[in-house]
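**Q** Quick one: this structure, given as structure tokens, is what I'll be asking you about.
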Amino acid sequence: MTKERTPERTAKLERVLKLRQKDLTLVMANVHDPHNVSAILRSCDAFGVPKVHLYYTDTPFPKLGNKSSASARKWVDTERHDNTDDLMKSLRAQGMKVLATSCSPNAKPLRDYDLSEPTAIIMGNEHRGTDPELVEVADGEVYIPMFGMIQSFNVSVAAAVILSEASRQRQLSGKYDQPTYTEEEYKAVLEDWLER
């Protein structure tokens, strides 16, 4: 059922769409908990990420509840991949720098990276982290510095922290002041949103 095209609704969609960061994305790599997937989608919408890549090779994509995730799923597009080559081809075609979340000695702190550049961040599986085949093809490894006894975040919390830092950097560099869509892309997406 198509929503009514009121001036207020149209104005809100236009305002949100102008803030979307087409050149910022997350990759959910075999994330299996539906609550984590839903929370990541909500964070993406909140920070202006228009699309998430779903990399599922050995874990089924979880069944998401209608109430908890429907609103975020409505405004965040997804692209599925079942192998590394397909994922990387898609990200490289968009000029993305690819960072893998990691706790290895090669990982650098989150703020060491310029997240105002076109960037994709791989969020790994809840139990084993980012799969080695993804770390191998990434441009860098990233971790969130922590100072407590616990040295890990839930994957959905980690996604929110990473996107918050990306948003901070992008605000400082003026990225939210300039639409990332071309005029044609903007019109096409707006028309699609008006029908949702």
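The values are calculated or read from the model by the stated rules, or taken from the named source; none is laboratory data. Not measured: the values here are computed from a predicted model. Note that we place each Cβ from the backbone using ideal geometry, even for glycine, and neighbour counts take in every protein chain shown. Just the protein is used for accessible areas: all its heavy atoms, side chains included, with ligands, DNA and RNA removed. Shrake-Rupley method; radii C 1.70, N 1.55, O 1.52, S 1.80 Å.
**Q** State which residue is nearest to Asp86 (Cα to Cα) when the search covers only region 127-142 and only residues that are in contact (Cβ under 8 Å) with a residue 40 or more places away in the chain and buried (at least 20 other Cβ atoms within 10 Å of the Cβ).
**A** Leu134
**Q** Hey, another quick one. Within region 158-168, is there a residue that is in contact (Cβ under 8 Å) with a residue 60 or more places away in the chain and of a type in the set (Ser, Thr, Tyr)?
**A** yes
**Q** Additional query: Yes or no: region 90-104 includes at least one residue that is touching a residue at least 40 places away in the same chain (Cβ under 8 Å), open to solvent by less than 20 Å² (accessible area, probe 1.4 Å) and part of a helix (DSSP H, G or I).
**A** yes
**Q** Here is a further query. Search region 115-126 for residues that are without any contact (Cβ under 8 Å) to a residue 60 or more places away in the chain and pair each with any residue that is open to solvent by less than 10 Å² (accessible area, probe 1.4 Å) when their beta-carbon atoms are under 8 Å apart and the residues are at least 6 apart or on different chains.
**A** Hits for this filter: Ser116/Ala166; Ser116/Arg170.
**Q** Okay, moving on. Among the residues of region 45-59, write down those that are within 14 Å of Ile162 (Cα to Cα) and charged (D, E, K, R).
**A** Asp45
**Q** With the requirement that a residue be of a type in the set (Lys, Arg) and in contact with a Ser or Thr (Cβ under 8 Å, 6 or more places away or on another chain), what does region 138-195 give you?
**A** Arg170, Lys175 - these are the residues of region 138-195 that are of a type in the set (Lys, Arg) and in contact with a Ser or Thr (Cβ under 8 Å, 6 or more places away or on another chain).
**Q** Checking the conditions here, which among Thr130, Thr78, Thr84, Thr119 is over 21 Å from Val161 (Cα atoms) and either in contact with a Ser or Thr (Cβ under 7 Å, 6 or more places away or on another chain) or of a type in the set (Ser, Thr, Tyr) (or both)?
**A** Selected residue: Thr84, the only one of Thr130, Thr78, Thr84, Thr119 that is over 21 Å from Val161 (Cα atoms) and either in contact with a Ser or Thr (Cβ under 7 Å, 6 or more places away or on another chain) or of a type in the set (Ser, Thr, Tyr) (or both).
**Q** Which count do you get for residues in region 169-178 that are of a type outside the set (A, V, I, L, M) and without any contact (Cβ under 8 Å) to a residue 60 or more places away in the chain?
**A** Total satisfying the criteria: 6.
**Q** Related question: Given the structure, is Pro179 part of a loop (DSSP other than H, G, I, E, B) and within 24 Å of Ala72 (Cα to Cα)?
**A** Taking the combined requirement at face value, the residue satisfies it.
**Q** So which residues in region 146-194 are open to solvent by 40 Å² or more (accessible area, probe 1.4 Å) and among the charged types (D, E, K, R), if there are any at all?
**A** Arg168, Lys175, Asp177, Glu183, Glu184, Glu185, Lys187, Glu191, Asp192
**Q** Please determine, by comparing only the residues of region 46-74 that are open to solvent by 50 Å² or more (accessible area, probe 1.4 Å) and in a helix (DSSP H, G or I), which one is modelled with the highest pLDDT.
**A** Ala46
**Q** Considering only residues that are touching a strand residue (DSSP E or B) at 6+ places or on another chain (Cβ under 9 Å) and open to solvent by 10 Å² or more (accessible area, probe 1.4 Å), which ones fall in region 4-45?
**A** Lys22, Asp23, His32, Asn36, Ser43
**Q** All but one of (1) at pLDDT 95 or above; (2) in contact with a strand residue (DSSP E or B) (Cβ under 9 Å, 6 or more places away or on another chain) hold for Leu172, so report the exception by its number.
**A** (2)
**Q** Sticking with this one: For region 76-89, which positions are touching a helix residue (DSSP H, G or I) at 6+ places or on another chain (Cβ under 7 Å) and either assigned to a loop (DSSP other than H, G, I, E, B) or at pLDDT below 95 (or both)?
**A** Val76
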